[in-house]
Amino acid sequence: MGPTVLQIRHLIHAFTNYPNLDIHNIPLDQLFNIAELACQYGLANIKSWVIRGVEAVLNRGDTPLRTSPNELFIRALRIATSYNHLPLRNSIEAKWITRLYWNQLSPLPALLEADKLGLPNLQRNSYYLHMVERATMGDIVEYCRQSPSSSSPLSHEQRTHLLEGYYSFAAYWKKTSLSPPDFMPSPECVGHAQCLAAWRMRWVMACSQPSLTPDVDVLKRLVLVESVLKGDEVLMACLDGACRMSALASISRKRAEVSRSLHHHFDLD
């Protein structure tokens, strides 16, 4: 489908006035119209001006991406990709991922767009969050066995990746919940064997606490475990102070490790 009359008017207005236009006073939809058509028609001067404007608007402190729907993220990412503007694309991805983890947007559109554009960072995080979403609803296995439809547009291959991730994270949490991350002993610690024994005992206790968070949401489960252990009086009594801080810090490292390896669980390599 070709551009609308309004979109053409936006482009002509920019072509006529662009050196003197205040980019921050142009409505975002109009700015995107200009960027899309300037790229489509190969208008080099307009392209150079408008992509700088898009970058300035989307990266400012009060970025519209803080409250934008998925559709605007998709449009913004496509513009950044068509202009081959890697820093802008990365910035949009990061903001979108943040909104997804805040549960402000559905991860499914992000998953579909990440697969379409080949964006590994957005891809692995949206697969993870969509898996958690369906696991929370309690129907992920049935969901992954359905045929693609308008209400459930994932392909067979995408559903296979999702189900692989689900089973992989279920097994990962089962193992992790019984085996706490290692930590470096304090130089002043004279009874590190006791520290390790107490750490493992309290780790297993914290991991077994009842939770509405599904086991496959390993990132959130680790946050909850860290919260429990930070206030655990047994750890305070049994661990050397520096050992306790080192042990708690190991949970953050474990979360970072899991976050970096999300794609492996979904076989997205």
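The values are calculated or read from the model by the stated rules, or taken from the named source; none is laboratory data. None of the values given here were measured: they were computed from a predicted structure. Cβ placement follows ideal geometry from the backbone for every residue including glycine, while neighbour counts extend to all protein chains displayed.
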Original post:
For segment 172-196, what are the residues that are assigned to a helix (DSSP H, G or I) and either in contact (Cβ under 8 Å) with a residue 40 or more places away in the chain or surrounded by fewer than 13 Cβ atoms within 10 Å (Cβ to Cβ) (or both)?
Top reply: Tyr172, Trp173, Lys174, Lys175, Thr176, His192, Ala193, Gln194, Cys195
**OP:** Determine if segment 145-160 includes at least one residue that is over 30 Å from Ala80 (Cβ atoms) and hydrophobic (A, V, I, L, M, F, W, C).
**Re:** no
Original post:
Given Arg244, Arg221, Arg202, which one is within 22 Å of the chain's Cα centre (by Cα), basic (Lys, Arg) and surrounded by 13 or more Cβ atoms within 10 Å (Cβ to Cβ)?
Top reply: Arg221
Original post:
When the residues of segment 33-78 are filtered to those that are among the charged types (D, E, K, R) and over 26 Å from Asp115 (Cα atoms), which remaining residue is surrounded by the most Cβ atoms within 10 Å (Cβ to Cβ)?
Top reply: Lys47
Subject >> Qualifying position, being under 25 Å from Leu262 (Cβ atoms) and of a type in the set (Lys, Arg), among Arg99, Arg75, Arg9 >> reply: Arg99
Original post:
Somewhere in segment 124-140, is a residue among the polar types (S, T, N, Q), over 18 Å from His263 (Cβ atoms) and surrounded by 14 or more Cβ atoms within 10 Å (Cβ to Cβ)?
Top reply: yes
Subject >> In segment 161-194, the residues that are modelled with pLDDT under 90, of a type in the set (A, V, I, L, M, F, W, C) and in contact with an Asp or Glu (Cβ under 7 Å, 6 or more places away or on another chain) >> reply: Cys189
Original post:
Could you say whether any residue in segment 5-28 is polar (S, T, N, Q) and under 18 Å from Glu93 (Cβ atoms)?
Top reply: no
Original post:
Looking at this structure, is Ile12 under 17 Å from Arg78 (Cβ atoms), part of a helix (DSSP H, G or I) and among the β-branched types (Val, Ile, Thr)?
Top reply: no
